[in-house]
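Only the coordinates and a few stated rules stand behind these numbers; no lab work does. On a predicted model such as this, the values are computed, not experimentally measured, just so you know. Using ideal geometry, Cβ is built from the backbone for each residue, glycine included, and neighbour counts are taken over all protein chains shown.
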Amino acid sequence: MILYHGTNASFEAIDLSRSKPNKDFGRGFYLTSIQEQAVRYTLFF
């Protein structure tokens, strides 16, 4: 299974302390199986 994370930042490890607790579904690291969705997300944030 291939999963995508929409970001324009480079990272080596997941750091949940950098996630925003009151946004979307709360603190977490969100992934999608839809590449286009991840790409669109990078254009807005």
Taking only DSSP H segments of four or more residues, each worth -39500 (n - 2.57), what value at 222 nm results for the chain once the sum is divided by all its residues, to the nearest 500 deg cm²/dmol?
-6500 deg cm²/dmol
Just to check I understand the Karplus step: with θ = phi - 60° and J = 6.51 cos²θ - 1.76 cosθ + 1.60, what whole-Hz values come out for the stretch 36-44, glycine and proline as x?
4, 5, 5, 5, 4, 4, 5, 6, 9
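Please state the equivalent ellipsoid semi-axes for the chain: what are the square roots of 5 times the Cα gyration tensor eigenvalues, largest first, in whole Å?
Here the semi-axes work out to 17, 13, 11 Å.
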Of Y4, G26, V39, which is farthest along the charge dipole of the chain in the positive direction, counting Lys and Arg as +1 and Asp and Glu as -1 at C-beta?
G26
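For Cα pairs less than 8 Å apart in space and 6+ apart in sequence, what is the mean separation divided by the residue count of the chain, i.e. the relative contact order in percent?
Working: 43 pairs, mean separation 24.4, N = 45.
Dividing the mean separation by the residue count of the chain yields 54 percent.
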